[in-house]
Structure formats: structure tokens, C-alpha cells
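J.: There's a structure below that I have some questions on.
The values are calculated or read from the model by the stated rules, or taken from the named source; none is laboratory data. Just so you know, these numbers come straight off a predicted model, no measurement behind them. We place every Cβ from the backbone using ideal geometry, glycine too, and count neighbours over all the protein chains shown. All accessible areas refer to the heavy atoms of the entire protein, side chains included, with ligands and DNA or RNA removed. Shrake-Rupley method; radii C 1.70, N 1.55, O 1.52, S 1.80 Å.
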Amino acid sequence: VQLQASGGGLVQAGGSLRLSCAASGRTSSWYGMGWFRQAPGKEREFAAAIVWSTGFTFYADSVKGRFTISRDNAKNTMYLQMNSLKPEDTAVYYCAPKVVSGNYDSSGSYAYWGQGTQVTVSS
């Protein structure tokens with residue numbers, strides 16, 4: 001299994017970025033996929049997740065209404081459209097498949113973490 005996150009960069013507050021996560025491997029066995037983020041000196045936190053089969057989505061309260069998660073099953077790719085970015089959104093964003101039937105907002109439900117992509121929002 002390989003995950004490749006991309007699309008990060010430097011953007012001013014109020015701007016937008018679109019992250020992509022290309023996956024390879026036995027994706028048909030996954031419950032879904034998620035985005036987590038980790039800011040310097042902080043623990044990794046949940047941002048958004050999507051159920052692979054139905055497209056149902058979950059969001060952290062901190063990003064709800066600003067971020068939109070989506071997936072293209074044919075391409076085994078997941079996206080995170082981030083609008084109205086704030087300086088507190090600055091973090092390394094990681095994508096990972098949900099491989100066990102735990103909570104969608106729990107990092108313990110995920111595996112095969114990729115190397116992440118840096119998002120920096122300037123004020």
C-alpha cells in the first residue's frame with residue numbers, strides 16, 4: 001500500500017488549496033479514507049474522512065463549512081478542498097486509509113500513513 005499526498009503550499013489567510021491523495025493497493029478492503037493534520041508541537045488531529053463506498057463524510061468542527069472531502073473511486077484518489085484558510089490551519093496534512101471498523105475520527109482506525117504535505121497559511 002502506498003499513499004502520496006500532494007497539493008500543499010503557502011497561501012494567505014482567506015485563500016484556498018486543494019490537497020490530493022493517490023492510493024495504491026487493496027483499496028477495495030478499506031472502510032474509507034481520512035485526512036489528519038499535525039501542527040508543530042501538537043498532536044496529530046482529525047480533519048475529515050469519507051466512507052469509500054457511500055461517500056458519506058465526517059468533519060472536525062474546526063474545518064466544518066470550510067473544507068470539503070471527496071473521492072474518485074476509479075482513480076483511487078481522495079481530495080480535500082480547503083477554503084477560507086486560517087493561520088491555525090497551518091500543519092502537515094496526512095492521508096491514510098481506514099482499515100478497521102473504529103471511529104472515523106480516531107487515528108487508531110487508520111494505517112499506512114504517507115509522508116504528508118505541508119500547508120502554511122500566512123496572516
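J.: Just name the residue that is most open to solvent (accessible area, probe 1.4 Å) out of those in the range 21-49 that are assigned to a strand (DSSP E or B), without any contact (Cβ under 8 Å) to a residue 60 or more places away in the chain and within 24 Å of Thr120 (Cα to Cα).
T.: Out of the qualifying residues, it is Glu45.
J.: State whether the residues of the range 67-77 include one that is surrounded by 13 or more Cβ atoms within 10 Å (Cβ to Cβ), farther than 14 Å from Gln118 by Cα and in contact (Cβ under 8 Å) with a residue 60 or more places away in the chain.
T.: No - not one qualifying residue is present in the range 67-77.
J.: Turning to a different aspect of this structure: Looking at Met33, is it touching a Cys at 6+ places or on another chain (Cβ under 7 Å) and among the hydrophobic types (A, V, I, L, M, F, W, C)?
T.: yes
J.: To continue, here is another question. Quick check, is Lys75 farther than 20 Å from Leu10 by Cα, more than 14 Å from the chain's Cα centre (by Cα) and basic (Lys, Arg)?
T.: So Lys75 passes the test.
J.: Only residues that are assigned to a strand (DSSP E or B) and among the aromatic types (Phe, Trp, Tyr): list them for the range 75-123, please.
T.: Tyr79, Tyr93, Tyr94, Tyr110
J.: What is the residue count in the range 50-60 for residues that are open to solvent by 60 Å² or more (accessible area, probe 1.4 Å) and touching a Lys or Arg at 6+ places or on another chain (Cβ under 7 Å)?
T.: Looking only at the range 50-60, we keep the residues that are open to solvent by 60 Å² or more (accessible area, probe 1.4 Å), and these are 53-54, 56, 58.
In the following step, the residues that additionally are touching a Lys or Arg at 6+ places or on another chain (Cβ under 7 Å) were identified as none.
Qualifying residue count, the range 50-60: 0.
J.: Does Val100 satisfy the criteria of being of a type outside the set (Gly, Ala, Ser) and exposed (fewer than 14 other Cβ atoms within 10 Å of the Cβ)?
T.: Here the answer is yes, as Val100 does meet what is asked.
J.: Which of (1) touching a residue at least 60 places away in the same chain (Cβ under 8 Å); (2) touching a strand residue (DSSP E or B) at 6+ places or on another chain (Cβ under 6 Å); (3) surrounded by fewer than 16 Cβ atoms within 10 Å (Cβ to Cβ) is the odd one out, the single condition Ser84 does not satisfy?
T.: Single failed check for Ser84: (2).
J.: May I pose another question? Under 17 Å from Gly8 (Cβ atoms), touching a strand residue (DSSP E or B) at 6+ places or on another chain (Cβ under 6 Å) and either open to solvent by less than 10 Å² (accessible area, probe 1.4 Å) or of a type outside the set (Lys, Arg) (or both), is that true of Thr90?
T.: The answer is yes for Thr90.
J.: Can I ask one more? Report, by residue number, each residue of the range 44-66 that is of a type in the set (D, E, K, R) and more than 16 Å from Thr117 (Cα to Cα).
T.: Going through the range 44-66, the residues of a type in the set (D, E, K, R) turn out to be 44-45, 61, 64, 66.
Listed by number, the residues that qualify are Asp61, Lys64, Arg66.
J.: Can you tell me how many residues within the range 1-16 are more than 15 Å from Gly114 (Cα to Cα) and either modelled with pLDDT under 95 or open to solvent by less than 30 Å² (accessible area, probe 1.4 Å) (or both)?
T.: Summing the residues that are more than 15 Å from Gly114 (Cα to Cα) and either modelled with pLDDT under 95 or open to solvent by less than 30 Å² (accessible area, probe 1.4 Å) (or both) in the range 1-16 gives 3.
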